[in-house]
1. Please sort 46-58, 21-33 by packing, taking for each peptide the average over its residues of neighbouring beta carbons within 10 angstrom, highest first.
2. Based on DSSP H runs of at least 4 residues, each adding -39500 (n - 2.57), what is the mean residue ellipticity at 222 nm of the chain after dividing by all its residues, to the nearest 500 deg cm²/dmol?
3. Suppose each label sits 7 Å from its Cα in the direction of the beta carbon; what would the residue 108-residue 14 distance come out to in nanometres?
4. Normalised by the residues of the stretch 6-128, what does the relative contact order come to in percent, with Cα pairs under 8 Å and at least six apart?
5. For residue 5 and residue 68, what is the calculated FRET efficiency with R₀ set at 25 Å and r taken between the beta-carbons, to the nearest 0.05?
6. Any idea how far the Cα center of the stretch 55-72 sits from the one of the stretch 1-33, in Å?
């Protein structure tokens, strides 16, 4: 994400977090492409080029930042589980890599699909119950 300023990254993290909370409240999921468009609409910033390895890596880094920020509020799940591939049932490899690094997920003990579905369920449950973070949307 070298071509974006730190202030732009902070704006993308903040808006991305709000977008994902709205998706969770609605009990939904979003694709990487839909999330990218929602970020562009919310911030007015250029989107990520998801047709390139670099663009996909930058999106993954942004989602990692959002997940890490959200753990201060929701330490028992990954809000970024709501972002998935359009052609596949599940998130990208970076989601599982971060989950493993942060000791949320042990691939030797759990199936990726089961873990992902559990994370999605926890995100939906957290926000559907009306328990809001201390940050105003």
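Every number in this text was worked out from the coordinates using simple rules, so none of it is lab data. Not measured: the values here are computed from a predicted model. Please note: Cβ atoms are built from the backbone with ideal geometry, for glycine as well, and neighbour counts cover all protein chains shown.
1. Final packing ranking: 21-33, 46-58.
2. On the way: 5 runs with 76 residues, N = 137.
It comes out at -18000 deg cm²/dmol, rounded to the nearest 500.
3. Placing both labels 7 Å along Cα→Cβ, they lie 4.3 nm apart.
4. For the stretch 6-128, the relative contact order is 30 percent.
5. On the way: r = 19 Å, r/R0 = 0.77.
FRET efficiency, residue 5 to residue 68: 0.80.
6. After rounding, the separation between the Cα centres reads 8 Å.
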